[in-house]
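Below is one structure; the comments refer to it alone.
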Amino acid sequence: MGPSDFLRSIHFDVASACNEHCVHCYIPDECKTKTIETNLILRILEEARRLNAIHVTFSGGEPLLHKDFNDFLKRCRELDLSVNVLSNLTMLTDDHISEMVKNPLLSVQTSLYSMDPLAHDSITGLVGSFNKTVDGILRLIEAGIPVQISCPVMKQNKDSFIDVVVWAREHNVAVAVEPVIFASCDHSGGNLDNRISLDELDAVLDKEMSEGFARVIKEAASEKELLTGKDPVCSVCRYSLCVSVEGNVFPCAGWQSNVIGNLNASTLKEVWEDSEKIRWLRGIKRDSFSKCVSCENRGYCTVCMMANANENPDGNPFFIDDFHCKVASKTRRKVLDFLEIKQEAESDSQSAVKEVGTSDATGQMGATQAWKS
Ligand SMILES: C[S@@+](CC[C@H](N)C(=O)[O-])C[C@H]1O[C@@H](n2cnc3c(N)ncnc32)[C@H](O)[C@@H]1O
Ligand code: SF4
Ligand code: SF4
């Protein structure tokens with residue numbers, strides 16, 4: 001363990017159960033059956049705090065389904081933990097809001113797929129979910145609780161996701177658009193029929209494209225391009241881990257199939273410090289992905305072991321699906337072309353201004369000369 005590898009953050013799947021049945025969800029419906037045991041989560045919160053963890057994510061499934069959810073929020077507040085709740089908000093009660101508002105370190109992330117109620121509900125499989133989620137967002141805003149929208153794009157909302165971005169902007173809410181969904185955690189590829197094609201990605205990127213968007217992506221890419229083969233792939237098991245409803249520990253959200261310990265049988269400290277699998281994951285560097293180290297698209301790509309593992313039936317985290325490479329290549333091309341065209345247009349208009357300036361001066365001179373003569 002390096003000196004900076006201490007547990008900062010812990011993610012709980014509070015409930016695998018969910019009241020929605022989203023077509024793209026990385027958790028297959030047949031796994032959505034349980035909620036976590038109250039005493040287990042309370043015990044792990046104490047242990048996490050003793051290990052100096054500072055942040056907790058409550059997700060699922062749908063965490064608000066848990067009957068003791070407010071007790072978890074309250075305990076986090078008492079332990080001075082910052083909290084991020086990932087919820088569809090369809091079951092948000094005034095009691096939840098009253099407890100949430102007491103923790104100044106609490107924020108909420110919710111999922112809104114379209115401003116067309118039918119399109120949103122066709123993704124969640126729950127009639128009326130659009131109205132409830134939007135209502136939940138507005139109540140959180142009203143209560144002064146920071147809220148962010150997550151908007152994965154798929155076939156069902158590829159034409160209307162952009163309205164969510166506009167709506168969010170109008171309400172001063174941050175929105176994260178994820179153009180490509182990742183494969184389900186059972187490696188079955190059962191949700192991939194909903195993933196957009198590369199041609200559809202073209203149109204999605206065009207809708208999203210603006211100077212601000214292109215510059216942010218390019219700056220992030222420039223930083224990523226500086227990474228070397230000796231750098232870690234990601235923060236997995238270096239700062240954070242996840243806990244399932246059964247108390248199983250897994251490396252990151254979406255990688256439920258990679259069990260690296262169980263907290264019914266061990267303490268958090270034991271798993272964090274002694275698990276062979278955690279040590280192994282912590283040691284993986286970028287040079288384990290030799291194809292990626294000097295790839296020209298690496299700045300526009302998230303090399304992600306979870307996404308790789310879920311994409312193939314063997315769950316091999318080193319397997320790189322060609323589709324992801326094509327997405328990175330397309331994103332790079334789109335961003336660079338956009339900025340190049342923008343720059344050309346700007347330098348054209350600057351030369352036009354100069355020419356106008358010159359011809360003005362010449363015109364003026366001509367007039368002066370004409371007057372003199
Ligand atoms: C798994 S949900 C759990 C929290 C809550 N039920 C919700 O929907 O907000 C967390 C986020 O993951 C997103 N998500 C689910 N499946 C995904 C996938 N295959 N690819 C990308 N994001 C996905 C959801 O849209 C949601 O924004
Ligand atoms: S994305 Fe969230 S709300 Fe939708 S099925 Fe998955 S866990 Fe439930
Ligand atoms: S585009 Fe492909 S080869 Fe390049 S960094 Fe990404 S995963 Fe690696």
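Only the coordinates and a few stated rules stand behind these numbers; no lab work does. Predicted model, so just to flag it, every value in this text is computed and none were measured. FYI the Cβ positions are ideal-geometry reconstructions off the backbone, even for glycines, and counts take in every protein chain you see.
Could you state the number of Å between the C-alpha centres of segment 1-74 and segment 223-238?
26
Return the long-range amide H neighbours of THR57 (sequence gap of 5 or more, or a different chain), with a cut-off of under 5 Å between placed amide H atoms.
ILE10, HIS11, PHE12, ASN84
Set Lys and Arg Cβ to +1 and Asp and Glu Cβ to -1, take the dipole of the chain about its Cα centre, and tell me which of PRO117, VAL164, PHE250 lies farthest positive.
PHE250
Please state the shape class of segment 143-183: rounded when a/c is under 1.5, otherwise prolate if a/b exceeds b/c and oblate if not, all from the C-alpha gyration tensor. Spell out each step's value before the answer.
On the way: a/c = 3.45, a/b = 1.73, b/c = 1.99.
Because a/c hits 1.5 or more and a/b fails to exceed b/c, segment 143-183 counts as oblate.
Please go through segment 278-347 and write out the GluC sites (Glu not before Pro) that DSSP classes as loop and that have at most 16 other C-beta atoms within 10 Å.
On the way: sites: GLU296, GLU311, GLU340, GLU344, GLU346; in loops: GLU296.
Of the GluC sites (Glu not before Pro), the ones in loops of segment 278-347 whose Cβ has at most 16 other Cβ atoms within 10 Å are GLU296.
If R₀ is 30 angstrom, what is the calculated FRET efficiency for the pair SER290 and SER188, using the beta carbon separation as r and rounding to 0.05?
Numbers: r = 28 Å, r/R0 = 0.95.
For R0 = 30 Å, the calculated efficiency reads 0.60.
Using only Cα atoms, what is the ratio of the radius of gyration of segment 250-327 to 2.2 N^0.38 Å? Each step should come with its number before you reach the end.
Details: Rg = 14.5 Å, N = 78, 2.2 N^0.38 = 11.5 Å.
For segment 250-327, the normalised Cα radius of gyration comes out at 1.26.
Determine one quarter of the surface area of the Cα convex hull of segment 1-143, which equals its mean projected area, and express it in nm² to one decimal. Provide the component values of the computation, followed by the final result.
On the way: hull surface 37.8 nm².
Over every viewing direction, the Cα hull of segment 1-143 projects on average to 9.5 nm².
Taking 41 Å as R0, compute the FRET efficiency from the Cβ-Cβ separation of ASN70 and ASP206 and round it to 0.05.
Working: r = 44 Å, r/R0 = 1.07.
In this case the efficiency is close to 0.40.
Over the Cα atoms of segment 98-152, compute the convex hull volume and normalise it per residue, giving Å³.
Details: hull volume 4.3 nm³, N = 55.
That works out to 77 Å³ per residue.
Computed over the Cα atoms of the chain, what is the ratio Rg over Rh, Rh following Kirkwood?
On the way: Rg = 24.8 Å, Rh = 22.9 Å.
The Rg/Rh ratio comes out at 1.08.
Short version: what are the Cα gyration tensor semi-axes of segment 15-92, square root of 5 times each eigenvalue, largest first, in whole Å?
Details: eigenvalues 117, 29, 27 Å².
Here the semi-axes work out to 24, 12, 12 Å.
Multiplying the sequence separation of VAL216 and THR267 by 0.36 nm and subtracting their Cα-Cα distance, what value in nm do you get?
Result: 14.2 nm gained on full extension.
So, by mean Cβ neighbours within 10 angstrom, what's the order for 22-28, 134-140, 74-80 with the highest one leading?
Listed from highest to lowest mean packing, they are 22-28, 134-140, 74-80.
Between segment 172-187 and segment 310-337, how far is it from one alpha carbon centroid to the other, in angstrom?
For segment 172-187 versus segment 310-337, the Cα centre distance is 14 Å.
Residue by residue through segment 332-341, what is 3J(HN,Hα) from phi via Karplus (6.51 cos²θ - 1.76 cosθ + 1.60, θ = phi - 60°)? Round to whole Hz and write x for glycine and proline.
4, 4, 4, 5, 5, 4, 4, 5, 5, 4
Give or take rounding to whole Å, what are the principal axis extents of the alpha carbon atoms in segment 123-276, in descending order?
48, 42, 37
7 Å from Cα along Cα→Cβ at both PHE319 and LYS342: what's the point-to-point distance in nm?
It is 3.8 nm.
Quick one: work out the % antiparallel among DSSP beta bridges in the chain, nearest 5. If you can, show how the numbers build up before the last one.
On the way: 6 of 35 bridges.
About 15 percent, rounded to the nearest 5.
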